[in-house]
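The structure appears right after this line, and notes come after that.
The values are calculated or read from the model by the stated rules, or taken from the named source; none is laboratory data. Quick caveat: nothing in here was measured; it's all calculated off a predicted structure. Please note: Cβ atoms are built from the backbone with ideal geometry, for glycine as well, and neighbour counts cover all protein chains shown. The accessibility values were calculated without ligands, DNA or RNA, using every heavy atom of the protein model including side chains. Shrake-Rupley method; radii C 1.70, N 1.55, O 1.52, S 1.80 Å.
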Amino acid sequence: MLPFVVAIDGPAASGKGTLARRIAQHFNLAHLDTGQLYRATAFLVLAADGDPGDQATAERAARRVDPAMLDDPRLLTEAVAQAASVVAAIPAVRRALLQFQREFAAHPPGGRRGAVLDGRDIGTAVCPDAAVKLFVTASREVRADRRLRELRQRGVAAIYQNVLQDMGERDARDEGRRAAPLAAASDAVIIDTTGLDADQAFERALEVVARALAAHGP
Ligand code: C5P
């Protein structure tokens, strides 16, 4: 039996990360936040005072990314997020990170029956055959507001206008790049969380995933 794969894509602060964690926990599936791979790549480049836009430097960093790095809280800064979207536009970086993601989906760790992967191109490029594809989105203003709260909760001083602008720049890079741009797969279920709280978004996703899981078999 092939693993049951749930692909969740969407822009920053759309709520896809929270949703992915909850779906994984509810159905006892493995979870991979693929943004952490791009953040780890960017972090390695920045830590060595490198240029995230330099192809050779970024590709070398992508090849050095180790799963043990993915929980490092230093990956969560806005500087790393911005640099992540710069390295993510480089095709050689995406190629270097692809195998790890496909391996995770094909052989979910812990002997689990499936995996949830969240990112920007899971349904379109990494796992085009996923049993479920969700595209989670929300207005830019609502996403900037969520990110602002998140930053303040972590004790980071932040201003709404700056967060909104950063978000706009990152969206433009993620949507506008030629290599695997942020986009909903044609067979994705769209969940717009603009007017939904985390519980409501989870309920919508739960329904879709439960139906697909029943069709997938035990
Ligand atoms: O999701 P997160 O904000 O952690 O992602 C950081 C950046 O990594 C994104 O802005 C995007 O440029 C890149 N990314 C990507 N493909 C993915 C996941 C993340 O290009 N599957």
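Computed quantities for the displayed model
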| quantity | calculated |
| --- | --- |
| Spatial separation of Cα centroids for the stretch 1-76 and the stretch 131-173, in angstrom | 17 |
| Mean Cβ neighbour count within 10 Å, used as a protection proxy, ranking 67-77, 30-40 highest first | 30-40, 67-77 |
| Residues whose placed amide H lies under 5 Å from that of Val116, excluding near-sequence neighbours | Val6, Ala30, His31, Leu32 |
| Inter-probe distance in nm under a simple model that places probes 7 Å from Cα toward Cβ, at Thr194 and Leu70 | 3.3 |
| The stretch 1-160 - percent of accessible surface contributed by carbon and sulfur, probe 1.4 Å | 52 |
| Packing-based ranking, highest mean first, of 83-91, 165-173, 126-134, 114-122 given that Cβ atoms within 10 Å are counted | 114-122, 83-91, 126-134, 165-173 |
| The chain, accessible area per residue, ligands and nucleic acids excluded (1.4 Å, Å²) | 49 |
| Distant-in-sequence amide H partners of Val189 (H built 1.01 Å from N, under 5 Å) | Lys133, Leu134, Phe135 |
| Relative contact order of the chain, pairs being alpha-carbon contacts under 8 Å that are 6 or more residues apart, as % | 33 |
